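J.: I have a structure I would like to understand better, so I am pasting it below and will then ask my questions one at a time.
The values are calculated or read from the model by the stated rules, or taken from the named source; none is laboratory data. Computed from a predicted model, the values in this text were never measured in an experiment. Cβ atoms come from the backbone with ideal geometry, glycine included; neighbour counts cover every protein chain shown. Just the protein is used for accessible areas: all its heavy atoms, side chains included, with ligands, DNA and RNA removed. Shrake-Rupley method; radii C 1.70, N 1.55, O 1.52, S 1.80 Å.
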Amino acid sequence: MTRRGSLWLAWGLGVAVSVGAADRPVSFTSDIRPVFENSCWKCHGAAVQLSKLDLRTRDGGLKGGARGAAIVPGKAEESRLYRLVAGLEKPSMPMDGKLTAEQISTIKAWIDQGAAWDDAPETKGTELAIEDMPISPEARRYWAFQKPVRAPVPAVAGELANPIDRFLEKARREKGLAAAPRADRITLVRRAYMDLIGLPPTPAETAAWLADNSPRAWENLIDKLLASPHYGERWGRHWLDVARYADSNGFEHDFDRPNAWRYRDYVIRAFNQDTPYNVFLAEQIAGDELDQVTDDSLIATGFLRSYAKVGYREKDNPQFRYEYLDDMIGTIGRGVLGLTVNCARCHNHKFDPISQKDYYQMQASLYGYVETEHALAPKEQVEAYESKTAEIDAQVAPLRQSVRQIEDPYRTKLAQEKYKKYPENVQRAIAVPEEKRTPGAALLAGQVIRTTSVSSDEIDRAMTPDDLSRKKVLNERIRTLQNQRPKPLPMASIVTDGDYRFTPDGPGDEPAFGKGVKREAIEGSFLFQGPGRYQPPPSYFLIRGDSESRGPLMKPGFIGVITYGDPKTEIPPADGRTSGRRRALAEWLGSTENPLTARVIVNRIWSHHFGRGIVATLDNFGKMGEPPTHPELLDWLAVEFMSRGWSIKQMQRLIMTSEAYQMSSQYQDASAEGKDPENRDLWRFPIQRLDAEAVRDVMLAASGGLDLTMGGLPVFPHIPGEILASMSEGIWKREEDGPRVWRRSVYVYRKRGLVFPMFEVFDLPDQNTSCGRRNVSTVPTQALTLLNDEAVLRQAKLFADRVKEAAPGDSAKQIDLAYRIALSRPPREEEARLAAEFLQKRPLADFTHVLFNLNEFLYVR
């Protein structure tokens, strides 16, 4: 509404008052209380006080909330309550609909008459009830919410033994489509290698495959590749996209996560071991709550803490925790269930039958989590280490506090000088004591304070000689004590149950010690120490997702529309050290009664093999997602997957032994292209471009420089200095391009604030969120990178050296070998002729560089 419109509204209301309520005394009980009961107390009453405003009493109205007094007796025009309901300020109130003109005029008159409260309101019946979301029978009948049923395998004419082919062929025949013939054997061997291990076959491996004429040659090849340790590196990478894995926090400080790589290695091991998918999920969500807790199951819980994280003064900003919980729910929702569950954070889902209640029940299932470190060493060694460390910490703490006391006046003065470069409104917000800032001022000041640092060197330069001398003496004593620390134990970053309100200080937390969420609880401990059984901190329904507006206490639970039977919501361990809520969530997710978990993962496996899922929207099986192209096949695969023990490798073996997987991608059929231009019915095999990591890996493999050592600390491939100069926080170790960093790309450091340039060019997904399917673009920067990048040129040179060494002085053999290494096939006659002409004028390194730029090198056919 414009200002002029607001004035007209106020004038109109004034007229109404003059002829109505203003002519008589307004009674709170008769005139105001009914309006408050119906429109105000559900957000500002007994159960919840949105914006910290409680309108149940006159004192509450006079005190107001986060934005100041709501009622100024005798001055309606200055009262926020009246101005909001009259539309003179935004947002208009109440939020669920406008009051009538008569109601607004009555409130104005009541305030102008002094806002008398002639009796205390009864709050009975005003408690906020969680809105039930009735699910209609039609909504429940939606295909994704029904448990999958194994349909009979279609009977089709012809020799099609694999059930997948029979489902596909039935659909093709109904649409008049003919399937492509089989691809040639060289195409198939390269396809299988790239799909399962992400590396091309060597010339020797290709030759061995071509020489194998046994009836089970194809099956044997698949089994060999599934047993390769490099299988886990390839397929673990797909899951790490879902898990939004990275080695740094992101956001302004982008702190390093020194032990994150252990989760990455766990994922690779799990795929290599063919850990049943339901067990794989249970370890990641509740690895600390299982009957048998192992180092691996604890490391697996790193899945829950792989979100982007501020990591700075979080105890002063409890709202961050709700963002992290939302990220967990979103990742489990999209990545495991194929549902956008976190759309129900602030209101019932707009399209799918998922309620806010469902969301906050899932939040309660996860709410007790805390992040901690677990030592990977024998118990006795851990106890000795912790005892000695605690002894040194106790001596260091007061020394550090003394250093802080010396530094603080200088730090404050230097920071104030830096704040002067900001606008006056920012300076005013910072000048207000932290506990007295409005929400807007707190946000404004917090952003500047978090990003304005004063270095130790700056403080030292500003210090008086006496203070500097005192600081040096204290620091020397600290160094002496630190040198007495035992050698650090290997640590894993894990999740377990505890009380986040007692989280130990982290980087940058010292100035905020004792503030923030710790005010919510006085007694307790970060990790449960006993006696008795662990009780999680309270988890509340949040009105409209606002962490300041708490509704009723929530119990754990699941998504109603896909919950069958009466699954347990808590399965606490015998020792009572955790709540067992996450384990119950994991068992519900991995149950044969859950209609979505198996469907989603088999669809994801299908997509990685065929370039498109049976449901194209891999992480959205809801109403706004795409319907399945072959629903009966999807359900048959889901049931088959569960009946085979949730084995991903068995599902891949089934898919890859189908005729559909072995079809040619070069097949041309004008009729089929007209009827099914997007190849939804798989009448030919789809060509797929290599993903970002595979582009680098196949170049390293071709050059012979690839180091196939598995696991361990991440590597830092060379990044140009001008790009590194843009990095302000976190780490990227400066390592030169060389054998030390020529590891597989799954081991490259994943920094959220600085994406490795080659990966970014080739569509690495956003590292802050769960990714079901990567985008595939074709942009000029990809060609320019392959033509000009120094690392690419060096690998081309190494590739040429490798070929020269194997076939010295024989250009024909060099051309043949280069083709077999790069493309897994010999050159055609015309290609050999053109290559020979090229080498008469250009060096061999230029020729190998050309091979890196071929579409056939970058695409799997």
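J.: What dipole magnitude, in Debye to the nearest 20, does segment 163-280 give about its Cα centre under +1 on Lys/Arg Cβ and -1 on Asp/Glu Cβ?
T.: Around 520 debye, computed over segment 163-280.
J.: For segment 383-398 and segment 171-222, what is the separation of their Cα centres, given in Å?
T.: Using only Cα atoms, the two centres lie 60 Å from each other.
J.: Can I ask one more? Sorted by average packing, counted as other Cβ atoms within 10 angstrom per residue and highest first, what order do 55-65, 403-413 take?
T.: 55-65, 403-413
J.: Any idea how far apart Q405 and T769 come out in nm if each label point goes 7 Å out from Cα toward Cβ?
T.: Roughly 4.9 nm, to one decimal.
J.: Greater than 27 Å separation of Cα atoms is the criterion. Which listed pairs, K108/K357; K733/K797; K52/K315, meet it? Let's see the in-between values first.
T.: Values: K108/K357 37 Å; K733/K797 25 Å; K52/K315 20 Å.
From the list (K108/K357; K733/K797; K52/K315), the Cα-Cα distance tops 27 Å for K108/K357.
J.: Between rounded, prolate and oblate, where does segment 570-711 land on the alpha carbon gyration tensor, with a ≥ b ≥ c its root eigenvalues, rounded for a/c under 1.5, else prolate if a/b exceeds b/c?
T.: It is oblate, given that a/c is not under 1.5 and a/b is not larger than b/c.
J.: Additional query: List the lysines whose alpha-carbon lies under 27 Å from that of K804, not counting same-chain residues fewer than 8 positions away?
T.: Cα-Cα hits under 27 Å: K813, K841.
J.: Next question. Evaluate E = 1/(1 + (r/R0)^6) for E593 and F351, where r is the Cβ-Cβ distance and R0 equals 22 Å; express this FRET efficiency to the nearest 0.05.
T.: It comes out at approximately 0.35.
J.: Sort the following peptides by mean Cβ neighbour count (other Cβ atoms within 10 Å, averaged over residues), highest first: 153-160, 620-627.
T.: 620-627, 153-160
J.: Another one. Less than 18 Å from a label point 7 Å out along the Cα-to-Cβ axis of K175: which backbone N atoms in segment 616-651 qualify, by residue?
T.: Only 616-618, 626-635 pass the distance filter.
J.: Still on this structure: Size of the dipole of the chain about the Cα centre, Lys and Arg at +1 and Asp and Glu at -1 on the beta carbon, nothing else charged, in debye to 20?
T.: For the chain, the charge dipole is close to 760 debye.
J.: For L654, what charge total do you get from the other residues with a beta carbon under 12 Å from its beta carbon, if Lys and Arg give +1 and Asp and Glu give -1?
T.: Local net charge: 0.
J.: Which of the listed residues, F799, F759, V776, is farthest toward the dipole's positive end in segment 684-824, when Lys, Arg count +1 and Asp, Glu count -1 at the beta-carbon?
T.: So the residue we want is V776.
J.: Can I ask one more? Between K733 and T100, what's the calculated FRET efficiency when r is the beta-carbon distance and R0 is 51 Å? Round to 0.05.
T.: 0.15
J.: What is the distance, in nm, between label points placed 7 Å from the Cα along the Cα-to-Cβ direction at E89 and at D575?
T.: About 5.5 nm, to one decimal.
J.: Let me ask something additional. Sequence gap at least 6, Cα distance under 8 Å: using those rules, report the relative contact order of segment 703-797 to the nearest whole percent.
T.: Reported relative contact order: 29 percent.
J.: Using R₀ = 25 Å, calculate the FRET efficiency as 1/(1 + (r/R₀)^6) where r is the Cβ-Cβ separation of R485 and D460; round to 0.05.
T.: Working from the Cβ atoms, E equals 0.50.
J.: Give the accessible area for T496 in Å² (nearest 10); use a 1.4 Å probe, count only protein heavy atoms, and leave out ligands, DNA and RNA.
T.: 20 Å²
J.: A further question on this structure: Work through the residues other than L700 whose Cβ is under 10 Å from its Cβ and net out their charges, Lys, Arg +1 and Asp, Glu -1.
T.: That works out to +1.
J.: Please give, to one decimal in nm, the separation of the simple spin-label points placed at A415 and E219, each 7 Å out from Cα toward the Cβ.
T.: My value for the distance between the label points is 6.9 nm.
J.: I would also like to ask the following. What number comes out for the charge environment of D810, summing +1 per Lys or Arg and -1 per Asp or Glu over other residues with Cβ under 11 Å away?
T.: +1
J.: For the peptides 75-85, 424-434, 352-362, what is the packing order when you average, over each peptide's residues, the other Cβ atoms within 10 Å and list the highest mean first?
T.: 352-362, 75-85, 424-434
J.: Sort out for me the Cα centre separation of segment 786-807 from segment 581-639, rounded to whole Å.
T.: 43 Å
J.: Moving on to the next point. Can you tell which of V432, V72, Q361 lies farthest toward the positive end of the dipole of the chain, using +1 and -1 charges on the Cβ of basic and acidic side chains (Lys, Arg; Asp, Glu)?
T.: V72
J.: Another question, if that's okay. Toward the positive end of the charge dipole of the chain, about the Cα centre and with charges on Cβ (Lys, Arg +1; Asp, Glu -1), which of G557, N213, P573 goes farthest?
T.: Toward the positive end, the furthest listed residue is G557.
J.: Please report the equivalent ellipsoid semi-axes of segment 635-766, computed as sqrt(5 x eigenvalue) of the Cα gyration tensor, largest first, in whole Å.
T.: Taking √(5λ) for each eigenvalue gives 38, 20, 16 Å, largest first.
J.: For the chain, what is the Kirkwood hydrodynamic radius in Å, using each pair of distinct C-alpha atoms?
T.: 31.6 Å
J.: Under 5 Å between amide hydrogens, which residues at least 5 positions from G65 or on another chain qualify, with H placed 1.01 Å from N in the peptide plane?
T.: Distant-sequence amide H within range of G65: A70.
J.: Then there is this: Would you compute the Debye intensity of segment 506-665 from its alpha-carbon atoms alone, equal scatterers and no solvent, and pass along log10 I(q)/I(0) at q = 0.13 Å⁻¹ to two decimals?
T.: -0.86
J.: Based only on the alpha carbon positions, what is the Kirkwood hydrodynamic radius of segment 165-228, in angstrom?
T.: That comes to 13.4 Å for segment 165-228.
J.: Give me the distance between the Cα centres of segment 684-759 and segment 141-168, rounded to whole Å.
T.: Centre-to-centre distance over Cα atoms comes out at 41 Å.
J.: Also, quick follow-up: Within segment 614-634, name every residue whose backbone N is under 19 Å away from a label modeled 7 Å from Cα of V149 along the Cβ vector.
T.: 628-634
J.: Quick one: dipole size for segment 264-329, taken about the Cα centre, charges +1 on Lys/Arg Cβ and -1 on Asp/Glu Cβ, in debye to the nearest 20.
T.: On the way: 7 positive and 13 negative charges, 65 e Å.
I would put it at about 320 debye.
J.: For segment 683-722, what value does the Rg/Rh ratio take when both radii are computed over Cα atoms and Rh is the Kirkwood radius, given to two decimals?
T.: 1.12
J.: Using the reciprocal of the averaged 1/r over all distinct C-alpha pairs, how large is the Kirkwood radius of segment 232-358 in Å?
T.: Numbers: mean 1/r = 0.0633 Å⁻¹.
Value: 15.8 Å, from the Cα pair sum.
J.: Provide E673, E640 ordered by accessible surface of protein heavy atoms (probe 1.4 Å), highest first.
T.: E673, E640
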